[in-house]
Amino acid sequence: MNSAKLGRNEKCWCGSGKKYKKCHLGRENEEADNIWDSVGQLTKAFSQKECMSPDCLKIDCEGAIISAHTVPRGSSLKKIATNSHVLGLKPDMADLQKTNGKIRFKKLGVRQASTFNGFCAKHDREFFSCVENEDFVARPDQCLAVCFRAVSRELYAKRASSVVDDILVGADKGKSQEEQIMMNMLRRNFGAGTQSAIRELEHAHKLIGDAFATGQTHKVRSYVLLFAETLPMMFSGGFSPSKDITGVQLQDLSNLDKDAEQLFLSAFGTESGSAMVCSWIERKYAIGKTIAEQVCELPVDQQANWIAETAFLRMENIFLSPRWYSAIDDKVKKRIDRLVMSGVNPFNIIDHLMEPLPNGETDFGFPKVESTFFV
């Protein structure tokens with residue numbers, strides 16, 4: 001729209017509902033917002049406290065909301081830590097300025113790594129006792145608990161990230177009118193995508209949470225890889241796949257009128273070694289099942305590599321062994337960097353066409369897979 005033709009008292013072209021004179025008139029001459037104020041908004045959003053228990057169990061909440069670990073501290077993070085520290089993705093503005101916007105792994109204490117204020121003390125203790133206090137043998141109830149923790153963390157993070165839309169409202173100050181129009185179009189797309197993702201995750205969280213609360217373990221299916229040794233990386237999270245592992249499209253993420261399906265990935269330590277778990281909501285022609293079956297058909301030594309590449313590409317709740325990372329080949333490090341940086345642009349809500357699709361051929365030097373099976 002040609003903003004020069006707008007009257008001062010007409011509604012602004014940006015869709016805010018405000019009069020043009022109270023919104024974008026003269027914005028190209030305004031001083032840009034303080035970036036550090038934005039950092040404070042994000043920090044506050046990711047510090048909100050809420051018990052993510054199923055609705056039917058919220059009445060039983062007890063104790064304060066705690067910093068719950070999505071990857072167990074004792075059985076997992078401590079095993080890969082060096083001097084009580086692991087490597088994780090937690091960028092701040094100072095880091096991004098030093099690296100020219102590149103996200104890098106940095107040292108995090110095991111007490112702070114992989115935590116979110118997502119459960120009351122009672123529910124965190126009771127819900128995940130089957131994986132925290134028992135050896136993980138991939139029982140259906142254990143796989144369901146792992147999946148429920150992953151979807152709870154994803155929903156919490158997505159709700160917190162919605163504050164970015166408010167931050168971006170002032171991002172076009174000091175920009176030309178052409179840049180303002182482009183940035184506002186991208187902001188609206190980003191906001192619409194975020195709200196769509198929140199709606200989808202709320203639906204998934206309810207389905208998985210209800211199954212968890214009622215013991216209906218058949219509502220969630222999983223594909224499990226067990227290792228006799230400790231993996232050098234741990235993670236927990238989920239994403240909406242647009243393609244299968246060969247690049248064939250499975251769902252259109254640009255269609256915000258249709259809920260996307262998710263695949264949840266977790267890797268953690270066990271008493272006898274470690275495990276990777278891929279979980280999905282069971283339904284006819286489930287996308288998660290399609291991908292898991294394709295992974296199962298890969299050579300065994302490539303299956304864990306494919307899951308790890310996908311975690312680097314689509315998730316940020318990842319933690320690495322400092323010793324392992326310092327020892328791996330530079331070629332592997334560059335591959336990890338490329339995967340992590342793919343999709344960093346927050347405006348791109350549809351499938352990143354230039355993303356380097358996981359192929360399972362990157363040799364991460366993982367321990368041998370002892371067994372694989374569906375649950």
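The values are calculated or read from the model by the stated rules, or taken from the named source; none is laboratory data. For clarity, every value in this text was computed on a predicted model and none was experimentally measured. Quick reminder, even Gly has a Cβ in these numbers, built from the backbone with ideal geometry, and neighbours come from all protein chains shown.
A few points about this structure:
- Leu168 surrounded by 17 or more Cβ atoms within 10 Å (Cβ to Cβ) and modelled with pLDDT under 85: yes
- Qualifying residue in segment 143-162 (condition: more than 21 Å from Ile65 (Cα to Cα), in a helix (DSSP H, G or I), of a type outside the set (S, T, N, Q) and in contact with a helix residue (DSSP H, G or I) (Cβ under 8 Å, 6 or more places away or on another chain)): yes
- Count of segment 354-375 residues which are under 21 Å from Phe268 (Cβ atoms), at pLDDT below 85 and of a type in the set (A, V, I, L, M): 0
- Residues considered: Glu179, Glu134. Of these, the only one that is under 22 Å from Ala228 (Cα atoms) and without any contact (Cβ under 8 Å) to a residue 40 or more places away in the chain is Glu134.
- Residue check, Arg159 basic (Lys, Arg) and more than 19 Å from the chain's Cα centre (by Cα): no
- Scanning segment 316-353 for residues that are at pLDDT 90 or above and aliphatic (A, V, I, L, M), we see that the one that is surrounded by the most Cβ atoms within 10 Å (Cβ to Cβ) is Ile318.
- Whichever residue in segment 12-51 is hydroxyl-bearing (Ser, Thr, Tyr) and either surrounded by 13 or more Cβ atoms within 10 Å (Cβ to Cβ) or under 17 Å from Asn184 (Cβ atoms) (or both) and, among such residues, is modelled with the lowest pLDDT: Ser38
- Filter result (assigned to a loop (DSSP other than H, G, I, E, B), charged (D, E, K, R) and without any contact (Cβ under 8 Å) to a residue 60 or more places away in the chain) within segment 298-342: Asp329
- Residues (over 19 Å from the mean Cα position of the chain (by Cα) and hydroxyl-bearing (Ser, Thr, Tyr)) located in segment 218-276: Tyr223, Thr230, Thr246, Thr270, Ser272, Ser274
- Residue check for Asn184: farther than 28 Å from Glu297 by Cβ and surrounded by fewer than 19 Cβ atoms within 10 Å (Cβ to Cβ): no
- Selection over segment 41-51 of residues that are not in a helix (DSSP H, G or I) and not basic (Lys, Arg) gives a count of 5.
- Test for Val295: is it part of a strand (DSSP E or B), of a type in the set (Val, Ile, Thr), surrounded by 15 or more Cβ atoms within 10 Å (Cβ to Cβ) and touching a Phe, Trp or Tyr at 6+ places or on another chain (Cβ under 9 Å): no
- Strands (runs of 3 or more DSSP E) wholly inside segment 52-140 containing at least 2 residues that are surrounded by 17 or more Cβ atoms within 10 Å (Cβ to Cβ) and at pLDDT 85 or above: 65-69, 85-88, 115-120
- A count restricted to segment 253-288 and to residues that are assigned to a helix (DSSP H, G or I) and more than 30 Å from Ile80 (Cα to Cα) stands at 1.
- Whichever residue in segment 163-184 is of a type in the set (Asp, Glu) and part of a helix (DSSP H, G or I) and, among such residues, is nearest to Lys206 (Cα to Cα): Asp165
- Checklist (1) under 20 Å from the mean Cα position of the chain (by Cα); (2) within 24 Å of Ala68 (Cβ to Cβ); (3) surrounded by fewer than 24 Cβ atoms within 10 Å (Cβ to Cβ) applied to Gly215, failing item: (1)
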